[in-house]
Amino acid sequence: MPADSDLIVAEREDLGIDRTLYKSLSERSKHEDFIRRAVDLLVERVVFGRSLRTSKVVERAVPSEIKKAIDLKPRDGPISHDELLGLMADVARYSVNTAHPYFVNQLYSSVDPYGSVGQWLTDALNPSVYTYEVAPVFTLMEEEVLKEMRVLVGWKDGEGDGIFCPGGSIANGYAISCARFHFYPEIKTKGVYAVPKLTLYTSELAHYSTKKLAAFMGIGDENCVLIKTDKYGKIDVEDLEAKIIEGIEEGAAPFLVTATAGTTVFGAFDPLVPIAALCKKYNLWLHVDAAWGGGALMSKKHRHLLNGIELADSVTWNPHKLLAAPQQCSTFLIRHKNVLKEGHSCNAKYLFQKDKFYDTSYDTGDKHIQCGRRADVLKFWFMWKAKGSDGFENHIDTLFDNARFFLEQIRNREGFELVIEKPECTNIMFWYVPRCLRGCENESDYRERLHKVAPKIKELMIKEGSMMVTYQPQGDLVNFFRIVFQNSALDHKDMIYFVNEFERLGRDILV
Ligand code: ABU
């Protein structure tokens with residue numbers, strides 16, 4: 001009498017499962033049909049099927065539904081190619097449709113055709129960009145792309161250095177590390193015990209990563225001093241100077257200011273020229289977190305928003321945000337040529353041998369804190385080739401034009417109230433006030449009731465899958481919507497769609 005497990009194995013073999021397929025080698029005889037069908041599924045169902053305005057932005061499901069629909073548990077035995085294709089379709093079905101024009105939820109959106117193909121090529125080549133030996137093309141490609149980005153920042157002849165890193169938070173962390181090493185090189189060998197109590201400064205509306213990385217790097221998040229902002233969300237330069245002086249008087253050692261070019265929620269651009277002057281006066285490193293707003297450097301019309309960025313010591317710029325490169329594509333750019341390398345290198349002999357037969361200055365991996373590293377450059381380079389700088393400029397100008405058009409549509413429309421009258425980037429912030437709350441502005445529970453509106457409208461839009469827009473409170477402000485535009489395939493008709501959709505979903509809700 002065979003055991004149950006033997007029966008299951010026999011049954012799987014009846015399904016035509018070849019149990020030698022565990023080998024990690026693509027063989028035409030064994031994998032061609034599967035790979036071609038998988039690519040076809042990707043192209044038809046994922047790429048084209050999901051970018052249609054008539055499709056849903058999200059197939060909303062509770063965890064138990066997803067667990068029921070997709071066998072998530074790894075199993076002892078293999079499944080067939082047909083079953084794998086079925087899993088691909090299910091994974092796509094229950095994933096949020098970030099390619100959808102109405103996915104305008106966070107600081108990334110759309111699935112760019114050239115970026116995607118670049119990403120697929122990256123995955124098919126599977127490089128790790130640490131040595132020229134294993135990643136010759138990507139090493140040179142990174143050098144060219146990062147140099148061109150430094151030229152756009154405005155550093156003379158694009159001089160300096162740079163890296164692709166895993167996300168803007170880590171790039172902001174590199175700024176802390178480089179600034180600290182620049183002023184206190186002994187930090188590398190002796191650690192935090194060898195340096196005074198360091199303080200760094202950023203705005204109260206800056207991305208949380210500066211605080212988080214200050215904690216991670218042993219500086220302490222309390223020593224990341226938050227500076228007041230004005231009504232537009234820009235850093236208050238007088239408060240910055242007062243806090244720097246306060247730090248010095250208390251015996252601390254201020255070393256870094258992280259300004260923001262495009263804050264996460266309001267899209268505000270800090271005034272970089274006076275901040276740079278303060279940094280010069282107090283001998284501080286100036287880092288500009290342009291993760292979000294950096295893309296505007298590509299546009300003659302909008303690059304003035306970042307005036308003064310050329311005075312920075314370092315910059316974070318994420319092409320996966322305003323430039324719509326696929327996730328993840330983040331860069332850290334630095335004006336000082338050797339700080340990244342001197343501050344982070346470890347000279348592992350098994351990877352960075354100096355007696356290789358070629359010029360080992362091309363083995364660039366040691367300046368990163370990562371060892372293995374994806375070639376995030378390729379998708380961005382491929383997009384840049386496909387569109388040209390002119391294409392990126394048109395892309396940026398379209399985003400800003402759409403944002404302004406949306407703003408004007410809601411400015412005086414009943415039910416819409418702007419949080420910021422003149423937003424600078426492509427984030428537009430507003431409250432939608434349903435009929436039940438109109439005229440109740442002076443009642444004591446108005447704010448409490450208004451706070452409940454955005455979550456309720458969000459629930460409705462997700463359940464219907466008609467669009468995806470985020471909301472948040474900020475300081476004293478109760479929940480408001482923040483719609484963000486990074487997809488240049490959108491047009492004015494889409495802006496009207498969004499306005500109408502907020503009205504349709506929100507007008508008659510009761511809070
Ligand atoms: N850097 C991620 C920002 C997330 C957001 O859109 O709120």
Once amide H atoms are built 1.01 Å from N in the peptide plane, which residues 5 or more positions from A253, or in another chain, come under 5 Å H to H? K197, L198, T199
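Which entries of K463/K493; K147/K337; K197/K243 show an alpha-carbon separation above 19 angstrom in the structure shown?
Table pairs above 19 Å Cα-Cα are K463/K493.
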Would you please give the residues with an amide H less than 5 Å from that of Y108, counting only those at least 5 places away or on a separate chain, with H modeled from the backbone geometry? none
In terms of modelled amide H atoms, which long-range or inter-chain residues lie less than 5 Å from the amide H of F416? V433
Among V134, M217, S169, whose Cα lies farthest out toward the positive end of the dipole of region 128-374, if unit charges sit on the beta carbon of Lys, Arg (+1) and Asp, Glu (-1)? V134
Along the Cα→Cβ direction, 7 angstrom out, place labels at A92 and A194. What is the inter-label distance in nm? 5.4 nm
Where Rh is the Kirkwood radius over the Cα pairs of region 387-507, the temperature 25 °C and the viscosity 0.890 mPa s, what D in µm²/s does Stokes-Einstein return? 162 µm²/s
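Antiparallel versus total DSSP beta bridges in the chain: what percent is that, nearest 5? List each step's numbers first, then the result.
Values: 23 of 41 bridges.
Of the beta bridges lying entirely in the chain, close to 55 percent run antiparallel.
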Take the Cα atoms of region 31-97, find their three principal axes, and give me the spread along each one in whole Å, biggest first. 38, 32, 11
Taking region 110-202, the equivalent ellipsoid from its C-alpha gyration tensor has semi-axes in Å, biggest first, of 32, 17, 15
Per principal axis, largest first, the Cα atoms of region 18-60 extend in Å by 42, 20, 14
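How big is the dipole moment of region 182-264 about its Cα centre under a simple scheme where the beta carbon of each Lys and Arg is +1, that of each Asp and Glu is -1, and everything else is neutral? Debye, nearest 20, please. Could you put the intermediate results ahead of the total?
Numbers: 9 positive and 12 negative charges, 88 e Å.
That gives region 182-264 a dipole magnitude of about 420 debye.
Rounded to two decimals, what is the ratio between the C-alpha radius of gyration of the chain and 2.2 N^0.38 Å?
Expressed relative to 2.2 N^0.38 Å, the Cα Rg reads 1.09.
Bear in mind these aren't lab numbers, they're just calculated from the coordinates by the rules spelled out. What you are looking at is a predicted structure, and each value in this text was computed from that prediction instead of being measured. Cβ sites come from the backbone with ideal geometry, for glycine too, and all protein chains shown count toward neighbours.
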